[in-house]
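Visitor: After the structure tokens below, expect a handful of questions from me.
The values are calculated or read from the model by the stated rules, or taken from the named source; none is laboratory data. Predicted model only: the values in this text are computed from it and were never measured. Neighbour counts are summed over all protein chains in view; Cβ atoms, including those assigned to glycine, are modelled from backbone coordinates with ideal geometry.
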Amino acid sequence: MRIFSVLLLLAAGLFLLPPGTGAAGFVGPGVSPTLTRAADVLNAWDDAPCVLEGHILEKIPRKDRYLFEDESGRVVVEIEHETFGHLTVTPQDKVRLVGHVDWSSKHPNEVEVDALAIIQ
């Protein structure tokens, strides 16, 4: 019971932090810069952070995979159904995808999307 109370207090404390505190982190030597172009994803390291803006063109046959395009090129992105939430996205919608690079020796790098927003 005591452990539960401590965990509850810790969880409640997270809501008292200023906005943006949860996303804060070290920026400097040894940290991968955030990728902002689809073309850069193809040669990036595994787990490199990325924020892409462009259009989701189509659903592709692999599970939860979509073809994304920005002004630099195209890349496959993995977006789980839950990430869409209540949003309905069309190829005409400009979206912002926040995620990280998923490297594989079997196929070109992809982006595993953690958050999605329609921006236009």
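Visitor: Checking the condition surrounded by fewer than 18 Cβ atoms within 10 Å (Cβ to Cβ) and either part of a strand (DSSP E or B) or aliphatic (A, V, I, L, M) (or both), which residue from Arg74, Arg62 passes? Lay out the reasoning, then the answer.
Guide: Details: Arg62 fails: either part of a strand (DSSP E or B) or aliphatic (A, V, I, L, M) (or both).
Unique residue meeting the criteria: Arg74.
Visitor: Which of the residues belonging to the range 53-87 are aromatic (Phe, Trp, Tyr) and free of Cβ contacts under 8 Å to residues at least 40 places away in the same chain?
Guide: If we filter the range 53-87 for residues that are aromatic (Phe, Trp, Tyr), which is where we start, we get 66, 68, 84.
Of everything in the range 53-87, those that are aromatic (Phe, Trp, Tyr) and free of Cβ contacts under 8 Å to residues at least 40 places away in the same chain turn out to be Tyr66, Phe84.
Visitor: Consider Glu80 against the criteria (1) modelled with pLDDT of 95 or more; (2) in contact with a strand residue (DSSP E or B) (Cβ under 9 Å, 6 or more places away or on another chain); (3) under 18 Å from Arg37 (Cα atoms): it satisfies all of them except one. Which criterion is unmet?
Guide: Of (1) modelled with pLDDT of 95 or more; (2) in contact with a strand residue (DSSP E or B) (Cβ under 9 Å, 6 or more places away or on another chain); (3) under 18 Å from Arg37 (Cα atoms), only one is false for Glu80: (3).
Visitor: Residues to consider are Leu16, Leu9; find the one that is in a loop (DSSP other than H, G, I, E, B) and at pLDDT below 90.
Guide: Being in a loop (DSSP other than H, G, I, E, B) and at pLDDT below 90 holds for just one of Leu16, Leu9, which is Leu16.
Visitor: Ok, one more. Does any residue of the range 94-103 turn out to be in a strand (DSSP E or B) and in contact (Cβ under 8 Å) with a residue 60 or more places away in the chain?
Guide: yes
Visitor: Now, a different point. (1) out of contact with any Cys (no Cβ under 8 Å at 6 or more places or on another chain); (2) modelled with pLDDT under 90; (3) within 25 Å of Ser105 (Cα to Cα); (4) surrounded by 10 or more Cβ atoms within 10 Å (Cβ to Cβ): which one isn't true of Gly30, the others all being true?
Guide: (4)
Visitor: Of the residues Asp70, Asp102, which single one is among the charged types (D, E, K, R) and modelled with pLDDT under 95?
Guide: Residue meeting the stated conditions: Asp102.
Residue by residue, here is whether (1) over 11 Å from the mean Cα position of the chain (by Cα); (2) among the hydrophobic types (A, V, I, L, M, F, W, C) holds:
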site	(1), (2)
Ile60	yes, yes
Glu78	no, no
His81	yes, no
Val89	yes, yes
Val98	no, yes
Ile119	yes, yes
